[in-house]
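Q: Pasting a structure below so you can have a look.
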Amino acid sequence: MENIFSVSEYLDRLNATLKGEKAKVLGEVSGVQEYPGRSYLYFSLKDKKDGSTVKCFMWKNDYKLSGVALTDGLEIIVSAYPNIYKPNGGMSLQVESVELVGEGALKIAYEKLKGKLASEGLFDEARKRHLPDFPRVVGVITSKNGAVINDFLSNIGKFGYEILFVDSKVEGQDAVRDLLSALRILYVEKVDVLVLMRGGGSLESFQAFNNEEVVRAISKFNAPTLTGIGHDKDVPLCALVSDANVSTPTAVAHLLSHGFEEAGATVAISEEKILSAFSGGLRDRQFVLENSGALIEKRFGELFETFKRAEASLQNALGQIDLRITRLGEIISESSKNIFREFENLSARVGEKISQMQKTLELGSPERQLARGYSIVRHAGKIVRNKKDVRVGEQLDILLSDGKIESRVTKIATKI
Amino acid sequence: MTKKTQTNLNENLKRLREIVSWFESQSELDVEKGLEMVKEGSELVKQSRDRLSQIENEFKEIKSQKQPL
């Protein structure tokens, strides 16, 4: 007997089958209904040629990831599968991602987002972190298919890296989910440096690397980021936001191993400088030792010479002192004789002077004058020299050579 | 492990540069001190060369879990 399904069972069966009909569909946007506060939105996709229309359902999370602002008339490609809404049986496309069509639209969206992120400072040089000199754990995100990963591994060198690789789509809008997932995985692994690579291509093929969510995830990554994303004209925004960017996987590998290569050269140069300086210093010391004997001999010779000169000088000085002493003795002897002679002369002169003075004294003595008839008159013990020294009636003492007469003044005459 | 490896090589190179500077600043070599410096420098050179010698890389692929974002 044939299987009989309930409506609900049959729609479930259909939806399961329809999910396998995932496709990319090109059309123009119309009737966008964003329903603020809800987690989904609706819009219609219309065929530009014959006006055929299909209703589209999209989760807002997916819409945000796509990074495309839907407006009426905008030509887009949706990645979607059909789905029948069971409550009313209406068919719609369940849209997973949206991408812009044509270089013109892509360019406008690119410039707009670039300006927005730049105004937030995401591309500022001041934000750039220094890549580690000696990274060990290297997180790598790229596609496992293609030459990129092989070029990288061939050039990274053998410095004991632990390379944590996460395979990711790198083409088109579908790559956004992969890249975000890979970034999340390596964020948890706490790598020393993150490497994100892909080969060159058109602006259209770089859409995932110009996606706002991916760019922001790189800017917030917990280790320095290095991108090796080839490009045609417009530098992908992921490359602008990363801490360092080069254009090829080979250049990425060389940048990472640069510190190790340079360290090897530094070690070699340091070793050479140390040994050269030390051996040079030793040579200098050896030279000093070899020359020290001659130097000592020379110094002693000079010392002996100085000593000899000092001895001769001392001898000479002693002779001079002896001579001076003899001369001094002579001077003293001579001086003694002179002093004695001078003393004799002086004594004779003094004797003569005394004799003269004695005679003078003898001639002028009062006794001698009294003997010659002169007398000395005194009144009250004082010698009377003038008539005013006495008055009539006063007593006078007259001293003679052989005695004294007491008398009285009877008259005072003016003239003799 | 990662941190230690980086620190060692960084510190080795820094110390080596210091030793070179010390030698370059000596007008007359202190032989005893110089000999100590040479010994230390030689050990640093050996350790650094060991670290810089070819060590095979370890490659590990982590499968992405495609969870809804």
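The values are calculated or read from the model by the stated rules, or taken from the named source; none is laboratory data. In this text the structure is predicted, and so the values were computed from the model without any measurement. Don't worry about glycine lacking a Cβ; one is built from the backbone with ideal geometry, like all the others, and counts go over all protein chains shown.
Q: Taking region A:160-194 as the search range and keeping residues that are touching a Pro at 6+ places or on another chain (Cβ under 9 Å) and of a type outside the set (D, E, K, R), which one is farthest from A:Asn222 (Cα to Cα)?
A: Among those that are touching a Pro at 6+ places or on another chain (Cβ under 9 Å) and of a type outside the set (D, E, K, R), it is A:Tyr161.
Q: For region B:18-32, which residues satisfy the criterion of being assigned to a helix (DSSP H, G or I) and buried (at least 16 other Cβ atoms within 10 Å of the Cβ)?
A: If the condition is that a residue be assigned to a helix (DSSP H, G or I) and buried (at least 16 other Cβ atoms within 10 Å of the Cβ), then B:Ile19, B:Val20, B:Trp22, B:Phe23 are the ones that fit.
Q: In addition: Kindly state which strands (runs of 3 or more DSSP E) lie completely within region A:76-167 and contain at least 2 residues that are assigned by TED's automatic domain parsing to the domain that holds A:Asn61.
A: The qualifying strands (runs of 3 or more DSSP E) are A:90-100.
Q: Same structure again: Got at least one residue in region A:138-149 being within 7 Å of another protein chain (Cβ to nearest Cβ) and at pLDDT below 95?
A: No, that holds for no residue.
Q: Further question on the same structure: Quick check on region A:56-67. Is at least one of its residues outside any loop (DSSP other than H, G, I, E, B), hydroxyl-bearing (Ser, Thr, Tyr), more than 23 Å from A:Lys107 (Cβ to Cβ) and in contact (Cβ under 8 Å) with a residue 24 or more places away in the chain?
A: no
Q: With the requirement that a residue be closer than 25 Å to A:Ala69 by Cα, surrounded by fewer than 24 Cβ atoms within 10 Å (Cβ to Cβ) and in contact with a helix residue (DSSP H, G or I) (Cβ under 9 Å, 6 or more places away or on another chain), what does region A:185-209 give you?
A: A:Ser202, A:Leu203, A:Glu204
Q: Provide a single number: the residues in region B:27-38 that are over 23 Å from the mean Cα position of the chain (by Cα) and more than 7 Å from every other protein chain (Cβ to nearest Cβ).
A: 4
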